[in-house]
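Beneath this line is the structure, given in structure tokens, with notes to follow.
The values are calculated or read from the model by the stated rules, or taken from the named source; none is laboratory data. These figures come from a predicted structure and were not determined experimentally. As a convention, Cβ positions derive from the backbone with ideal geometry for all residues, glycine included, and neighbour counts pool all protein chains shown. Side chains are part of the model used for accessible areas, which takes the heavy atoms of the whole protein and leaves out ligands, DNA and RNA. Shrake-Rupley method; radii C 1.70, N 1.55, O 1.52, S 1.80 Å.
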Amino acid sequence: MCVHRGFTLIELLLVIAIVGLLAALLVPTVNLVRASAKSVDCRNRQGQIGVFTLRYANDNHGFFPPVGGSDGNWWLQQLTETTGIGSAVPPEARLFFCSTDSHRPEELAKPWKPTVKAWHVGMTSIGYNSQVLGQASAWIDASYTRRARLNELAKPAETLVTADSGANPGLPTMASWGYHQVTVNEWPVAQARHGVDRRDCVVMFADGRVASVRAAWRGADSSWTVYQAVSDGGLGCGKYQAFPLPAGVDTLWDRR
């Protein structure tokens, strides 16, 4: 007569321990692959924005787009040749939302205004270095009261054009969103979103190159910041604390 013996308690505990060990080894790898895929996707999106920017410059005597046009549309609507509030959200709008951002361009920006979508008012998670490249009136220095031209850039390979953007703390309704500008004074800043430790920031340079740079400063909310305020240095931002930019990255188009 055949007797079937079940697992002993020790054998069951051993199996559970082995499965737990394998899971502990596997989970970090899965998270790494997932984070890497999102970073690659964000790079592709900013690369496409670079194509739109180059096309705009070619059609406008080499100028970068202004942060806001005379028609009231933001730079991102000018790049995609769409219109503002009340118009349909174009498919290209998703390019301006990082893959780590759960928000969508067609979401309502203000619940009481059904025609105002996130896309229309610049609640995007990829921002533009607009105060330097495309500002109509400078906030940081009298040298930047006009838009920059591509052929004026001292170091295109180091001049920041777009980056993962931080929230705008000055607008409470946008505090949990990204913001469509990356500035060199107080806020909003370029915010690190990528990597397992969320310390990598995807940026696009004026020569079209897209790269991931490592954040060096950690904010009070524990998020990593790549660009914070510029020191006074004649730029009119003396009351803000300065943090160095990563090597090979700059926000000022004529700095040599």
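Worth a mention:
- Qualifying residue in region 85-92 (condition: modelled with pLDDT under 85 and closer than 18 Å to residue 51 by Cα): no
- Of everything listed in (1) part of a loop (DSSP other than H, G, I, E, B); (2) modelled with pLDDT of 80 or more; (3) open to solvent by less than 40 Å² (accessible area, probe 1.4 Å), the single unmet condition for residue 161 is (1).
- Filter result (of a type in the set (Ser, Thr, Tyr), farther than 22 Å from residue 77 by Cβ and in contact (Cβ under 8 Å) with a residue 24 or more places away in the chain) within region 31-55: 39
- Under the condition of being crowded, with 18+ Cβ neighbours inside 10 Å and in a loop (DSSP other than H, G, I, E, B), the residues counted in region 52-69 number 4.
- Some residue of region 111-122 being part of a loop (DSSP other than H, G, I, E, B) and closer than 28 Å to residue 152 by Cβ: yes
- Here residue 13 clears all of (1) part of a loop (DSSP other than H, G, I, E, B); (2) more than 29 Å from residue 151 (Cα to Cα) except the condition numbered (1).
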